[in-house]
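K.L.:
Pasting in a structure now, in structure tokens, and then I'll have a few things to ask.
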Amino acid sequence: MAVDIHFIRRKIKLIQEDLSELDNLAHFSFDEISKDRIKFLAVERLLEKIIMRAIDINQHMIAELGKGDERVRGYEDTFYILSQLGIYSEEFAKQIAPSAGLRNRLVHEYNNTRQDIIYKSVSEAITQYVKYCDSILKFIEK
């Protein structure tokens, strides 16, 4: 088995398109986003899709490049394992891995997920996932 480069490139392209949409929404203030249900729902959904696609990539790469003894207890772990596989630094894994928790809160609609937390995560997500995409692409082009 080998890494499916077409699968990864397609997922990365979709993440990059969603990041571009998210970036368009990042220019609005918290007030503008929180008072506009459509904008807020768009932010939530884009974050969810970006994070889930990255997790899909992570799981694929772990399945193909891992030794088979990786302990994956949750989605967050998939980001740490990619650092162990040499795809990016452990320091970066520590920054991006918590986004899996945000994804869980969005998907399961936990009532305590405050709008301000989601709003604050937008600029962080844009920065982290641009770097994530770059790291994955660099790795598969080796």
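What follows draws every value from the coordinates through simple rules; no lab data is involved. Here the structure is a predicted model, which is why all the values come from computation and not from measurement. A quick note on method: Cβ atoms are made from the backbone with ideal geometry, for glycine too, and the neighbour counts reach across all protein chains shown.
K.L.:
How large is the dipole of region 5-141 about the Cα centre if only Lys and Arg carry +1 and Asp and Glu carry -1, each at its Cβ, rounded to the nearest 20 debye?
P.N.:
Here the size comes out at about 200 debye.
K.L.:
Given the Cα-Cα distance of E124 and L14 and 0.36 nm per residue of separation, how much length would full extension add, in nm?
P.N.:
37.8 nm
K.L.:
Calculate the spin-label point distance for D36 paired with Q95, positioning each point 7 Å from the Cα along the beta-carbon direction, and give it in nanometres.
P.N.:
Each label point lies 7 Å from its Cα, and together they span 2.8 nm.
K.L.:
Sort 123-134, 88-99 for me by packing, meaning the mean count of neighbouring Cβ atoms within 10 Å per residue, highest on top.
P.N.:
123-134, 88-99
K.L.:
Also: Rounded to the nearest 500, what is the chain's calculated 222 nm mean residue ellipticity when only DSSP H runs of at least 4 contribute -39500 (n - 2.57) each, over all residues?
P.N.:
-25500 deg cm²/dmol
K.L.:
Set the Förster radius R0 to 30 Å, insert the Cβ-Cβ distance between Q84 and E21 as r into 1/(1 + (r/R0)^6), and round the FRET efficiency to 0.05.
P.N.:
In this case the efficiency is close to 0.40.
K.L.:
Can you tally the net charge around I126? Count Lys and Arg as +1, Asp and Glu as -1, for every other residue whose Cβ sits under 11 Å from the Cβ of I126.
P.N.:
-3
K.L.:
Okay, moving on. Report, as a whole number in µm² per second, the diffusion coefficient that Stokes-Einstein gives for the chain at 37 °C and 0.692 mPa s using the Kirkwood radius over alpha carbon pairs.
P.N.:
211 µm²/s
K.L.:
Next question, about the same structure. Pop out the ³J(HN,Hα) list for region 78-90 in order, Karplus 6.51 cos²θ - 1.76 cosθ + 1.60 with θ = phi - 60°, rounded to Hz; leave Gly and Pro as x.
P.N.:
4, 5, 5, 5, 4, 5, 5, 7, x, 7, 7, 6, 5
K.L.:
Please state the relative contact order of region 21-142 as a whole percent: Cα pairs under 8 Å, 6+ residues apart?
P.N.:
30 percent
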